[in-house]
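> Got a structure here, written out as structure tokens. Questions coming.
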Amino acid sequence: MKAAEKYRRVFGSVRHLKDQISWTTGLTNMVEFLAWEPKQILGITKKQYVRQIIEWATQPELAGKSVEEIEHAIIKKLNAKMHDTEQLETYASQRVGICHPREAVRRVKFFSEDYLNKEFDIFLSLCSDAYLDLFYQQFIPFESSGTWSTHGNSGLFEASTELKAMYMDNLAYNHQANVLVANELKFNGRKNPDQLLKYCVMYEHLLDKGFIDKGAKFLLLFIGGNALEHNKQRLADRELALCHKRPKKYQHLLRPELLDIVDHLQVASITWSALIAFNQRYLAENEVSQVEQKLLRGFHQSLKSKSFMHLDV
């Protein structure tokens, strides 16, 4: 049984991007992220962790010792390692090595782009349709109608679409307006060198598999700590130049039909600070429920605590 089949058998699947996903799925995706990326918790990879334990357990001074004595010695070494890597300042640089649970939480909360992606998944899934209409209409024209559904990068998305090696961050889809938005989140980093073309491959796949409707408008929205390049023609020219330099690796990105999707695609960019400013205007100018007020203000609080907001620290 393939991995995708195993996943669908246990967790179910979505058949169309219009399918509504519960916000609690975002919590599942958070656990999934940590389970598949244990380095975020351990401080080192699982393989490195196992090797370290083996090295400690097989040291000459432990030869002939009981299991209890070996266990005591290893726990003592482990505690010493965790003590050495723990930082007691919020934005202090990370030290290499096995980390204490407090240190693991500090790293993901303030420094992890992947963790921010999961927070954004939950945030977006709880936003009202009215909010999402106004937010996305800044970048792409469409009539305010219908409901939005959102999808994070997860086993559920991959197993349902069977779209492999497409590490998108978050998708927002309005079936009635026939608009697909790919939200690409960054701390302060640049876009990947082939990212625009890969998103076009994703659009093509979702259309072929019936997950979006024909003619769906398509926006690639970069959200980052700094303003990101969003001139589509320049981005496309650079990516195509890269692909032509390495045609064997990138031949799947040089197909003429993919270039038609590039023409159809719209690209835009907004900073996290500008997103917060938009949300503050939205709160001031609209009748907003208490729940959505708490949602927006809580997300602002989390964003403002991220390390990229404190680069001068």
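> I'm checking my understanding of the structure. Among residues of region 112-170 that are part of a helix (DSSP H, G or I) and among the polar types (S, T, N, Q), which one is nearest to L265 (Cα to Cα)? Let's see the steps before the verdict.
Of region 112-170, the ones part of a helix (DSSP H, G or I) are 113-126, 129-136, 155-161.
Next cut, among the polar types (S, T, N, Q) only: 117, 125, 160-161.
Values: N117: 23, S125: 24, S160: 24, T161: 21 Å.
Residue satisfying both the conditions and the ranking: T161.
> Could you check, for region 91-101, whether at least one of its residues is more than 26 Å from the chain's Cα centre (by Cα) and either within 30 Å of N183 (Cα to Cα) or in a loop (DSSP other than H, G, I, E, B) (or both)? I'd like the intermediate steps shown before the answer.
Quick first cut of region 91-101, residues more than 26 Å from the chain's Cα centre (by Cα) only: none.
No, region 91-101 contains no residue that is more than 26 Å from the chain's Cα centre (by Cα) and either within 30 Å of N183 (Cα to Cα) or in a loop (DSSP other than H, G, I, E, B) (or both).
> Considering each residue of region 150-175, count those that are surrounded by fewer than 20 Cβ atoms within 10 Å (Cβ to Cβ) and at pLDDT 95 or above, and give that number.
1
> Being loosely packed, with under 14 Cβ neighbours inside 10 Å and either touching a Leu at 6+ places or on another chain (Cβ under 6 Å) or in contact (Cβ under 8 Å) with a residue 12 or more places away in the chain (or both) narrows it down to one residue among R102, R107, R95; which is it?
Working: R107 fails: loosely packed, with under 14 Cβ neighbours inside 10 Å; R95 fails: either touching a Leu at 6+ places or on another chain (Cβ under 6 Å) or in contact (Cβ under 8 Å) with a residue 12 or more places away in the chain (or both).
The conditions single out R102.
> Take region 287-309 and flag every residue that is open to solvent by less than 60 Å² (accessible area, probe 1.4 Å) and outside any helix (DSSP H, G or I).
V288, S305, K306
> Could you pull out every one of the helices (runs of 4 or more DSSP H) wholly within region 1-52 that has 3 or more residues that are within 30 Å of N178 (Cα to Cα) and open to solvent by 70 Å² or more (accessible area, probe 1.4 Å)? I'd like the intermediate steps shown before the answer.
Details: elements: 3-11, 25-36, 39-42.
Where helices (runs of 4 or more DSSP H) fall fully within region 1-52 and carry at least 3 residues being within 30 Å of N178 (Cα to Cα) and open to solvent by 70 Å² or more (accessible area, probe 1.4 Å), they are 3-11.
The values are calculated or read from the model by the stated rules, or taken from the named source; none is laboratory data. Treat the numbers as computed from the prediction; the structure is a model and nothing was measured. Please note: Cβ atoms are built from the backbone with ideal geometry, for glycine as well, and neighbour counts cover all protein chains shown. Surface accessibility is based on the protein's heavy atoms, side chains included, excluding ligands, DNA and RNA. Shrake-Rupley method; radii C 1.70, N 1.55, O 1.52, S 1.80 Å.
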